[in-house]
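Worksheet: the structure to be examined is printed underneath.
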Amino acid sequence: MCDIVVLYDGYSILRSKEEMSANCSCTLIMGKSNNIIIDTMTSWDADKIVSALKLQNLTVEDVSYVVSTHGHSDHIGNNNLFLKAKHIVGFSVSFKDTYYIHPFEEGKEYSIDENVKIIPTPGHTLTDVTVLVTSVNKETFAITGDLFEKIEDIENPTLWLEAGSEDPTQQRINRSKVAQLADWIVPGHGPQFKVTDEIRESLKSQRDENIAK
């Protein structure tokens, strides 16, 4: 079982038609075998990440995996802090200049250990992934990146559509799929939230309405 610590909540604020402020959620998973950091914020946040790890009695050298849910700049900005870690960026798995072929595009999950697995959840980009983690309380946490922007985008899907979606149909399918699997969701740009039956039903309805069109 793992401890899940959201080091920083993501946010996104539209300032004007030409400008917005945004940064991603940054999450740490601490397990018996592996420490994993998910989404490393912008390139200007290195000191913040180092300080947050220090509060957990960790250094960058204690991290064995870096996962970027997709390749946008606010999710990969400090990957190069973690030079002892294997890196998973979307569907790409690598260590230094060695790349490991994994068939995410066929829907295959990638297991880091018995408590942590990565599943393909394209939509926001075509190579998005979600990390599923079993917590010490035996609950399932889904760290989703921008598959979910924030809890408000369930009632108002315009929020995730306007944030950008390369395949809205797949995104609706994968949003519903993840909600069926998870007890908690850590979205890309907002605080974590509990997945209720009402949320599951709403996402299923949105998926089915879109398929029926």
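Quick notes on this structure:
- Among the residues here, L58 does not qualify as among the aliphatic types (A, V, I, L, M), in contact with a Ser or Thr (Cβ under 7 Å, 6 or more places away or on another chain) and either at pLDDT 95 or above or in a strand (DSSP E or B) (or both).
- Only residues that are in contact with a helix residue (DSSP H, G or I) (Cβ under 9 Å, 6 or more places away or on another chain) and either surrounded by fewer than 14 Cβ atoms within 10 Å (Cβ to Cβ) or of a type in the set (D, E, K, R) (or both) were counted across the range 46-55, and they come to 0.
- Flag if A179 is small (G, A, S), part of a strand (DSSP E or B) and surrounded by 23 or more Cβ atoms within 10 Å (Cβ to Cβ): no
- Given (1) of a type in the set (V, I, T); (2) within 19 Å of V5 (Cα to Cα); (3) surrounded by 16 or more Cβ atoms within 10 Å (Cβ to Cβ), index of the condition V89 fails: (2)
- When we screen H75, H70, H102 for residues that are surrounded by 13 or more Cβ atoms within 10 Å (Cβ to Cβ) and either touching a His at 6+ places or on another chain (Cβ under 9 Å) or part of a strand (DSSP E or B) (or both), the only hit is H70.
- Scanning the range 22-38 for residues that are assigned to a strand (DSSP E or B) and either of a type outside the set (V, I, T) or surrounded by fewer than 24 Cβ atoms within 10 Å (Cβ to Cβ) (or both) turns up A22, N23, C26, L28, M30, N35.
- Restricted to the range 1-21, and to residues there that are acidic (D, E) and in a loop (DSSP other than H, G, I, E, B), the residue that is farthest from A163 (Cα to Cα) is D9.
- If you go through the range 105-122 and keep only what is surrounded by 15 or more Cβ atoms within 10 Å (Cβ to Cβ) and within 21 Å of A179 (Cβ to Cβ), you end up with Y110, N115, V116, K117, I118, I119, P120, T121, P122.
- Of all residues in the range 136-149 being touching a helix residue (DSSP H, G or I) at 6+ places or on another chain (Cβ under 7 Å) and outside any strand (DSSP E or B), the one that is nearest to T69 (Cα to Cα): L147
- Verdict on I143 being among the aliphatic types (A, V, I, L, M), crowded, with 23+ Cβ neighbours inside 10 Å and closer than 20 Å to V89 by Cα: yes
The values are calculated or read from the model by the stated rules, or taken from the named source; none is laboratory data. Owing to the predicted nature of the structure, the values given are computational and were not obtained by experimental measurement. So basically every Cβ, Gly included, is an ideal-geometry build from the backbone, and we count neighbours across all protein chains shown.
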